[in-house]
1. Could you say which residue among ILE71, ILE125, ILE116 is surrounded by fewer than 17 Cβ atoms within 10 Å (Cβ to Cβ) and either modelled with pLDDT under 95 or among the hydrophobic types (A, V, I, L, M, F, W, C) (or both)?
2. LYS153: of a type in the set (D, E, K, R) and on the phi > 0 side of the Ramachandran plot, yes or no?
3. When the residues of region 161-171 are filtered to those that are in contact with a helix residue (DSSP H, G or I) (Cβ under 7 Å, 6 or more places away or on another chain), assigned to a helix (DSSP H, G or I) and of a type outside the set (A, V, I, L, M), which remaining residue is most open to solvent (accessible area, probe 1.4 Å)?
4. Scan region 94-115 and report the pairs whose first residue is of a type in the set (Phe, Trp, Tyr) and whose second residue is in a helix (DSSP H, G or I) and open to solvent by less than 30 Å² (accessible area, probe 1.4 Å), with Cβ atoms within less than 9 Å and a gap of 6+ or a chain change.
5. Filter region 59-87 down to the residues that are within 16 Å of the ligand (Cβ to nearest atom) and more than 11 Å from PRO134 (Cβ to Cβ) and list them by number.
6. ARG223 fails exactly one of the following numbered conditions: (1) under 30 Å from VAL112 (Cα atoms); (2) open to solvent by less than 70 Å² (accessible area, probe 1.4 Å); (3) modelled with pLDDT under 95. What is the number of that condition?
7. Mind telling me which of the residues VAL185, VAL150 ends up being β-branched (Val, Ile, Thr) and free of Cβ contacts under 8 Å to residues at least 24 places away in the same chain?
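The values are calculated or read from the model by the stated rules, or taken from the named source; none is laboratory data. All values derive from a computational prediction rather than experimental measurement. Note that we place each Cβ from the backbone using ideal geometry, even for glycine, and neighbour counts take in every protein chain shown. Protein only, heavy atoms only, side chains kept; ligands, DNA and RNA dropped before computing areas. Shrake-Rupley method; radii C 1.70, N 1.55, O 1.52, S 1.80 Å.
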Amino acid sequence: MIAFLLAMFKWSKDFDDLDVYSDCFRYVLFLMNDVCIFGEMQGQDANDALLQLISGDVQILQLAEDCYWTIVVFSLAHELAHAYLAGIGKRYSRRHPEKEEFDADMIAYHIVLKIIMEQEGNNRILEKYTYLAPMMYMDFFDLYYYTDRVLYKSRFFDPQHPLPIERKNRLFAIANKDEYDFDTVDGNHLYGGFLDVYDEYRDQVLLKMERGKLEQVLHTARRNQIRGNGNDKRKQ
Ligand SMILES: [Zn+2]
């Protein structure tokens, strides 16, 4: 996750630098492709490539780290929310298991926003400008499904978990509530830049795939062997 944020922020910051642009695109593509194939993150050589890409850009390191913490808190709170919902005996119909995910997201995001709003001075746990980091977390999964679909023509389906884009829309509905009132300018700016790169990535993957330029990164046989055909039940 932190590797993804680093590459996306760096790409967004130096978008007009052609070297950074192509390095970041390649890095995100390889990251997503490896997640598609192995269901896991990359090895040491990829980490070295990433460090070279960032080349000591302290601002990017800081942004990625801050957003990463907000995502960590969000995903821990999401898991705790499941336990809480079970604890109070809340029942969900089998036909709509996704409702439990939305509720867990809602509670988790409420906790994140409360922490962001109520902390004072220098004792900040989460930075205000990271308030949209949980959306980036959803976008990460969305790009992963997207890449898998474009490269391997697969269709991801998990009845337990609703699509990331639906979860993201619900998070936005929460963030827009009046009770969450704090300075969102920097956070919106950061996320705006992130989304530009997100769109760019999607366009480029599709374009390059259509032009046959991604043949050498495809590992269809290995992917099918490891993943099975659509039997992926991993949790988010
Ligand atoms: Zn869940």
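1. Residue meeting the stated conditions: ILE125.
2. Here the answer is yes, as LYS153 does meet what is asked.
3. Step by step, filter region 161-171, then rank; the result is ARG170.
4. Close Cβ pairs satisfying both conditions: PHE102/ARG167; TYR109/PHE74; TYR109/ALA77; TYR109/HIS78; TYR109/PRO134; TYR109/LEU171; TYR109/ILE174; TYR109/ALA175.
5. LEU76, GLU79, LEU80, ALA81, HIS82, ALA83, TYR84, LEU85, ALA86, GLY87
6. Only one criterion in (1) under 30 Å from VAL112 (Cα atoms); (2) open to solvent by less than 70 Å² (accessible area, probe 1.4 Å); (3) modelled with pLDDT under 95 is unmet by ARG223, namely (1).
7. Working: VAL150 fails: free of Cβ contacts under 8 Å to residues at least 24 places away in the same chain.
Step by step, each of VAL185, VAL150 is checked, and only VAL185 is β-branched (Val, Ile, Thr) and free of Cβ contacts under 8 Å to residues at least 24 places away in the same chain.
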